[in-house]
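The values are calculated or read from the model by the stated rules, or taken from the named source; none is laboratory data. Please read all numbers here as calculations on a predicted model, not as lab measurements. Positions of Cβ are generated from backbone atoms using ideal geometry, with glycine treated the same way; all protein chains shown enter the neighbour counts. These area figures cover heavy atoms from the full protein model, side chains too; ligands, DNA and RNA do not enter into them. Shrake-Rupley method; radii C 1.70, N 1.55, O 1.52, S 1.80 Å.
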Amino acid sequence: MPRTRPPYPPEFRAQLVALHRAGRTIEEVAQEFEPAEQTIRTWVAQAAVDERAAAATPRTERAGALSTAEREELARLRRENRQLKVERDILGKAAAWFARETGTIPTAASGS
């Protein structure tokens, strides 16, 4: 199994993006520091998306790209949705079990 390393801290990412914006090429930054060139390119692109989202400008450069805040909210909503589906399934099974035990079937008007 390949080794993985912990994610780089946001401050480190911001420093490398700032170095690139100050005029250094991505290749130079990648050679001096540990991350791969593609990783730094991804960070630069994500920083641009985040800045456009903060400035509330239209997305023209990367249509459909999500800002970091939007990604975090999407992940939170997906976790919540997964939890709600589990709870719904549990309630459905419990209702079916109680219906079998009591010998009654809930009516369609009851919402079950």
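Here the range 1-16 is the region considered, the condition is being charged (D, E, K, R) and in a loop (DSSP other than H, G, I, E, B), and the residue that is nearest to Ala69 (Cα to Cα) is Arg5. Of all residues in the range 17-60, those being part of a helix (DSSP H, G or I), open to solvent by less than 60 Å² (accessible area, probe 1.4 Å) and farther than 22 Å from Glu72 by Cα number 6. In the range 35-56, the residues that are within 15 Å of Thr68 (Cα to Cα) reach residues that are of a type in the set (Ser, Thr, Tyr) with C-beta atoms within less than 7 angstrom, at least six apart or across chains, in these pairs: Gln46/Thr68; Val49/Ser67; Asp50/Ser67; Asp50/Thr68; Ala53/Ser67. Contact annotation: residue pairs with Cβ atoms under 7 Å, 6 or more positions apart or on different chains, pairing a residue in the range 8-21 that is over 9 Å from Phe33 (Cβ atoms) with a partner that is part of a helix (DSSP H, G or I), are Arg13/Trp43; Val17/Trp43; Val17/Val44; Val17/Ala47; His20/Ile26; His20/Val29; His20/Ile40; His20/Val44.
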